[in-house]
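Chemist: Below is the structure I would like to discuss, written out as structure tokens.
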């Protein structure tokens, strides 16, 4: 796997509810805080628009751009860039997204869901945010219908990604990123895991079928990404296995250490988020 070019910017497309928050916190330990631009997770529309308006001299000072944003940032950057993302099985991602929105008071949809008493089925049927992964990787509008043309564009854009990870095989995904970018990943913990949600197996099959039908382009794109992932794992098998062993050893088990790590990560996140908004 080719190693990182020091002059190359890293663009992390954070697909919602795909282990991206954990990856964000780990990235924030790997790079200087004032060399990263983070799209605000709450005010993301404003933050994305602001990023696209930044002057070239400031864009050039960033080594990392990350957050909920569509593909295409590389087109306005003065420096070369590469992408990474982590994708998730479409049905699991939609379930997790709904229960996260329903329980996180700062999410823009939280009060709408409560006021209108949306169920998971309502979310799947009424929200325009179907096939989110395909739209993001295609650089398409989140709120517009997905099409076969958008899927084709997303598949084409995968060639710009150094690593396309999978939530279901997150540590192997991290291993590929460590190989590609030389990350240390000295400590490891998970963040923003939605625990107050039913398991997929506990939901009616009719609901699962509805999610699959409404997100059929994401299912097809995930299959394409999974093939690329398997090829990368096969190519770097011994190194991946070695790094996964290191990651398992680096995973924080002690509750006190985990708490201190979380506090440190939250502090770094807050500093970078504030700097990105300046």
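The values are calculated or read from the model by the stated rules, or taken from the named source; none is laboratory data. The shown structure was predicted, so the numbers you read here are calculated from the model rather than taken from an experiment. For neighbour counting, all protein chains shown are included, and Cβ atoms are generated from backbone atoms with ideal geometry for every residue, glycine included.
Chemist: Go through (1) within 23 Å of residue 165 (Cβ to Cβ); (2) touching a residue at least 40 places away in the same chain (Cβ under 8 Å) and name the single condition residue 35 misses.
Modeler: Result: residue 35 passes all but (2).
Chemist: Suppose the filter is free of Cβ contacts under 8 Å to residues at least 40 places away in the same chain, part of a loop (DSSP other than H, G, I, E, B) and either in contact with a strand residue (DSSP E or B) (Cβ under 7 Å, 6 or more places away or on another chain) or farther than 30 Å from residue 239 by Cα (or both); does residue 143 pass it?
Modeler: yes
Chemist: Additional query: Please pick out the residue among 199, 178, 184, 227 that is surrounded by fewer than 14 Cβ atoms within 10 Å (Cβ to Cβ) and within 20 Å of residue 26 (Cβ to Cβ). Lay out the reasoning, then the answer.
Modeler: Working: 199 fails: within 20 Å of residue 26 (Cβ to Cβ); 178 fails: surrounded by fewer than 14 Cβ atoms within 10 Å (Cβ to Cβ); 227 fails: within 20 Å of residue 26 (Cβ to Cβ).
Sole residue among the options that is surrounded by fewer than 14 Cβ atoms within 10 Å (Cβ to Cβ) and within 20 Å of residue 26 (Cβ to Cβ): 184.
Chemist: Taking the residues in the stretch 87-101 that are under 12 Å from the mean Cα position of the chain (by Cα) and not in a helix (DSSP H, G or I) as candidates, determine which candidate is farthest from residue 26 (Cα to Cα).
Modeler: 88
Chemist: Here is a further query. Could you check the stretch 34-49 and list, in sequence order, the residues that are in a helix (DSSP H, G or I) and modelled with pLDDT of 95 or more? If you could, list the steps in order and put the result at the bottom.
Modeler: Looking only at the stretch 34-49, we keep the residues that are in a helix (DSSP H, G or I), and these are 34-35, 44-49.
Matches in the stretch 34-49: 34, 35.
Chemist: Of all the residues that make up the stretch 125-140, how many are surrounded by fewer than 22 Cβ atoms within 10 Å (Cβ to Cβ) and assigned to a helix (DSSP H, G or I)?
Modeler: Adding up the residues that qualify gives 2.
Chemist: Follow-up. Restricting to the stretch 16-33, give me the number of residues that are under 17 Å from residue 271 (Cβ atoms), assigned to a loop (DSSP other than H, G, I, E, B) and either at pLDDT below 95 or over 19 Å from the mean Cα position of the chain (by Cα) (or both).
Modeler: Pass one, the stretch 16-33, residues under 17 Å from residue 271 (Cβ atoms): 21, 24-33.
After this cut, where a residue has to be assigned to a loop (DSSP other than H, G, I, E, B) as well, the list is 31-32.
Then drop every residue that is not either at pLDDT below 95 or over 19 Å from the mean Cα position of the chain (by Cα) (or both), which leaves 32.
Residues in the stretch 16-33 being under 17 Å from residue 271 (Cβ atoms), assigned to a loop (DSSP other than H, G, I, E, B) and either at pLDDT below 95 or over 19 Å from the mean Cα position of the chain (by Cα) (or both): 1 in total.
Chemist: Restricting the search to the stretch 159-175, which residues are touching a strand residue (DSSP E or B) at 6+ places or on another chain (Cβ under 7 Å) and surrounded by fewer than 17 Cβ atoms within 10 Å (Cβ to Cβ)?
Modeler: Selection gives 160 alone.
Chemist: Can we say residue 84 is assigned to a helix (DSSP H, G or I) and touching a helix residue (DSSP H, G or I) at 6+ places or on another chain (Cβ under 8 Å)?
Modeler: Working: assigned to a helix (DSSP H, G or I): no; touching a helix residue (DSSP H, G or I) at 6+ places or on another chain (Cβ under 8 Å): yes.
Spelling it out, it is not the case that residue 84 is assigned to a helix (DSSP H, G or I) and touching a helix residue (DSSP H, G or I) at 6+ places or on another chain (Cβ under 8 Å).
Chemist: Residues that are within 30 Å of residue 31 (Cα to Cα) and in contact (Cβ under 8 Å) with a residue 40 or more places away in the chain: does the stretch 111-131 have at least one?
Modeler: The initial filter retains those residues of the stretch 111-131 that are within 30 Å of residue 31 (Cα to Cα), namely none.
Within the stretch 111-131 (the criterion being within 30 Å of residue 31 (Cα to Cα) and in contact (Cβ under 8 Å) with a residue 40 or more places away in the chain), the answer is no, since none of the residues qualifies.
Chemist: For residue 73, are the conditions met, namely being surrounded by 15 or more Cβ atoms within 10 Å (Cβ to Cβ), farther than 21 Å from residue 221 by Cβ and modelled with pLDDT of 95 or more?
Modeler: Working: surrounded by 15 or more Cβ atoms within 10 Å (Cβ to Cβ): yes; farther than 21 Å from residue 221 by Cβ: no; modelled with pLDDT of 95 or more: yes.
Here the answer is no, as residue 73 does not meet what is asked.
Chemist: Looking only at helices (runs of 4 or more DSSP H) that fall completely inside the stretch 195-278, which ones have 2 or more residues that are closer than 18 Å to residue 89 by Cα and touching a residue at least 24 places away in the same chain (Cβ under 8 Å)?
Modeler: Qualifying helices (runs of 4 or more DSSP H): 205-214, 216-235.
Chemist: Just a yes or no: is a residue in the stretch 142-150 within 24 Å of residue 40 (Cβ to Cβ) and modelled with pLDDT of 95 or more? Before the answer, list the steps.
Modeler: First, pick out the residues of the stretch 142-150 that are within 24 Å of residue 40 (Cβ to Cβ): 142-144.
Then drop every residue that is not modelled with pLDDT of 95 or more, which leaves none.
Scanning the stretch 142-150, I find no residue that is within 24 Å of residue 40 (Cβ to Cβ) and modelled with pLDDT of 95 or more, so the answer is no.
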